[in-house]
Amino acid sequence: MTRTEAREAAFILLFEQNFKDDPIEETLSLAHEARELKISGFGKGLFSGAMEKLSEIDALLESALINWRSERISKVARTAMRLCIYEFAFTDIQGEIAINEALELIKKYDCPESAAFANGVLGTVYATVKSDS
């Protein structure tokens with residue numbers, strides 16, 4: 001499984017969490033049983049880490065939204081941005097790589113306009129995180 005595939009699996013699991021509040025291990029178990037979802041250690045780490053840091057991730061996301069309410073962002077774009085922010089803020093993944101991967105997920109599952117919006121927001125969050133470190 002490539003990192004891109006693992007990232008997409010983590011994205012799907014994180015997206016599901018928008019609609020339920022199951023513990024991380026239960027979500028992983030159900031995804032494997034119900035859909036035979038295969039996820040690598042890298043993907044599990046992304047999903048688990050993003051879930052554990054969700055409040056911090058959302059705070060960073062909210063701080064970058066100027067004249068926007070987070071409720072207006074599609075769940076797909078928000079999920080991809082959450083995963084991306086986790087990657088560049090809490091792991092050693094380069095920001096440019098994380099942002100590009102998030103934009104590809106948004107283009108695949110949402111629409112080009114959402115990707116353009118997300119690119120601006122993620123660039124702002126990344127600049128903030130980078131300046132704080």
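From the residues in the stretch 81-133 that are of a type in the set (A, V, I, L, M) and out of contact with any helix residue (DSSP H, G or I) (no Cβ under 6 Å at 6 or more places or on another chain), which one is surrounded by the most Cβ atoms within 10 Å (Cβ to Cβ)? Applying the filter and picking the extreme gives Ile97. Residues in the stretch 47-64 that are touching a residue at least 40 places away in the same chain (Cβ under 8 Å), under 17 Å from Ala80 (Cβ atoms) and in contact with a Ser or Thr (Cβ under 8 Å, 6 or more places away or on another chain): Gly49, Leu60, Leu61, Ala64. Of all residues in the stretch 16-52 being of a type in the set (Lys, Arg) and surrounded by fewer than 17 Cβ atoms within 10 Å (Cβ to Cβ), which is farthest from Ala6 (Cα to Cα)? Only one residue fits best here, namely Lys20.
For the stretch 54-94, filtered to residues that are among the basic types (Lys, Arg) and within 9 Å of the chain's Cα centre (by Cα), the residue that is nearest to Asn18 (Cα to Cα) is Arg78. Please tell me if Val76 is in contact with an Asp or Glu (Cβ under 8 Å, 6 or more places away or on another chain), β-branched (Val, Ile, Thr) and in a helix (DSSP H, G or I). Yes: the conditions hold for Val76. Determine whether Phe42 is touching a Lys or Arg at 6+ places or on another chain (Cβ under 8 Å) and closer than 20 Å to Ala102 by Cα. Yes; evaluated as a whole, the condition is true for this residue.
The combined condition, being in contact with a Phe, Trp or Tyr (Cβ under 8 Å, 6 or more places away or on another chain) and touching a residue at least 12 places away in the same chain (Cβ under 8 Å), is fulfilled by Phe88.
Let's see how each residue does on (1) in contact with a Leu (Cβ under 7 Å, 6 or more places away or on another chain); (2) part of a helix (DSSP H, G or I); (3) within 17 Å of Ile93 (Cα to Cα):
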position: Thr4; (1), (2), (3): no, yes, yes
position: Arg7; (1), (2), (3): yes, yes, yes
position: Phe15; (1), (2), (3): no, yes, no
position: Lys20; (1), (2), (3): no, no, no
position: Thr27; (1), (2), (3): yes, yes, no
position: Glu33; (1), (2), (3): no, yes, no
position: Lys38; (1), (2), (3): no, no, no
position: Leu46; (1), (2), (3): yes, yes, yes
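If you go through the stretch 17-48 and keep only what is at pLDDT below 90 and of a type in the set (S, T, N, Q), you end up with Asn18, Thr27, Ser29, Ser40.
The values are calculated or read from the model by the stated rules, or taken from the named source; none is laboratory data. The model shown is predicted, which means the values in this text are computed figures rather than measured ones. Note that we place each Cβ from the backbone using ideal geometry, even for glycine, and neighbour counts take in every protein chain shown.
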